Amino acid sequence: MRPFVHVNCAMSADGKIAGIERKQVRISSDEDKNRVKELRKKYDAILVGVGTVLADDPHLTVKELDYDTNPIRIVIDPHGRTPDNALVLDEKAPTVMITSSDCEKEWDCEETIHFEGELCLSEMLETLAEEIGIESILVEGGGETIAHFFREGLVDRYTVFVGGLIIGGRAAPTPAGGDGWAAENGIKLVLKDSMVMGNGVVLTFEPEKR
Ligand SMILES: NC(=O)c1ccc[n+]([C@@H]2O[C@H](COP(=O)([O-])OP(=O)(O)OC[C@H]3O[C@@H](n4cnc5c(N)ncnc54)[C@H](OP(=O)(O)O)[C@@H]3O)[C@@H](O)[C@H]2O)c1
C-alpha cells in the first residue's frame with residue numbers, strides 16, 4: 001500500500017509561497033511554526049523538490065530529535081542539482097535522494113533511488129513503502145512538487161497556513177505551480193477544519209471523494 005500523503009505549506013494572504021526572488025519569506029506565525037514541528041514528528045518522512053533545497057537550504061528536521069528519531073528526508077532531484085553541502089544531507093537525519101537513472105551525481109546519504117524515464121510518483125511511493133517501510137509522508141514544497149502530487153491524485157490531506165502578508169508579483173511561486181492544468185480539471189477539495197494561529201489561519205482540506 002502506498003504511504004499516506006499530507007501536503008503542508010504556508011502562503012501569504014495573496015496566495016504566494018515566496019517572493020519574486022524565490023527566496024524564503026517568513027509567512028508563518030510562531031504558533032504555526034510549532035504546529036509544523038509537531039506535524040513533522042507524526043510522519044515517517046518529509047519530502048521536498050530540489051527547487052526548495054536550492055532556494056531555502058532547509059534542514060527538514062525537528063531540532064530536539066536525533067538521527068534515529070527524526071523523519072527521513074526525501075529530495076526529488078532528477079538532475080543531481082543538490083550540492084554536497086546542502087543542510088538536507090547533514091548528519092541530523094537519514095536522507096533519501098530520488099534521481100533519474102541518467103544522473104551520475106552521487107551523494108553521501110542513506111539511500112539513492114533511481115527512476116527510469118519520467119518520474120511516476122505513485123511508483124515512487126510504492127518503492128518507498130516496500131523498500132524503506134515508509135507509511136506516511138509530509139510534502140513541504142515547493143509549488144512544482146506539490147502540483148505534481150495533486151495532478152497525480154496523490155494528496156490525502158492538504159493544510160495551508162494563510163498569513164497576514166501581501167507578497168505580490170506575478171512571478172512569485174504559489175502552492176501549486178508548474179505548467180498547471182485546464183480550469184475545468186481543477187482538483188476539488190472539502191474543507192475539514194479551520195483554525196486561527198496567531199496572525200493567520202490554518203485550513204485543512206481533503207480531496208473530494210469521487
Ligand atoms: N511557503 C512555503 O511553505 C514553502 C515551502 C517550500 C518551498 N517554498 C518556496 O518554493 C520555491 C521552490 O519551489 P519550486 O516550485 O521552485 O521548486 P520545488 O517544487 O521545490 O522543486 C521543483 C523541482 O524538483 C524536481 N521535481 C519535483 N517533483 C518532480 C516530479 N514529480 N517529477 C520530476 N521532477 C520533479 C524538478 O527538478 P528538475 O527541474 O531538476 O528536474 C523540479 O523542477 C522557493 O521559492 C521556496 O522558498 C515555500
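Every number in this text was worked out from the coordinates using simple rules, so none of it is lab data. Values in this document were obtained by computation on a predicted structure and should not be read as measured data. As a convention, Cβ positions derive from the backbone with ideal geometry for all residues, glycine included, and neighbour counts pool all protein chains shown.
Scanning the range 114-157 for residues that are closer than 28 Å to Lys23 by Cα and of a type in the set (Val, Ile, Thr) yields Ile137, Val139, Thr145, Ile146, Val155.
Could we say that Met11 is out of contact with any Lys or Arg (no Cβ under 7 Å at 6 or more places or on another chain), in a strand (DSSP E or B) and in contact (Cβ under 8 Å) with a residue 60 or more places away in the chain here? So Met11 fits the description; yes.
Would the range 54-61 turn up any residue that is of a type in the set (Val, Ile, Thr) and either in a helix (DSSP H, G or I) or closer than 29 Å to Glu118 by Cβ (or both)? Looking for residues that are of a type in the set (Val, Ile, Thr) and either in a helix (DSSP H, G or I) or closer than 29 Å to Glu118 by Cβ (or both), one finds none in the range 54-61, hence no.
Residues in the range 66-104 that are away from the ligand (no atom under 11 Å from the Cβ), among the charged types (D, E, K, R), part of a loop (DSSP other than H, G, I, E, B) and touching a strand residue (DSSP E or B) at 6+ places or on another chain (Cβ under 8 Å): none. Per the listing Asp30, Asp57, Asp68, the residue uniquely of a type in the set (Asp, Glu), in contact with a helix residue (DSSP H, G or I) (Cβ under 7 Å, 6 or more places away or on another chain) and more than 20 Å from Tyr158 (Cβ to Cβ) is Asp57. Kindly indicate whether any position in the range 167-179 is surrounded by 10 or more Cβ atoms within 10 Å (Cβ to Cβ), among the hydroxyl-bearing types (Ser, Thr, Tyr) and within 14 Å of the ligand (Cβ to nearest atom). Yes, the range 167-179 has at least one match.
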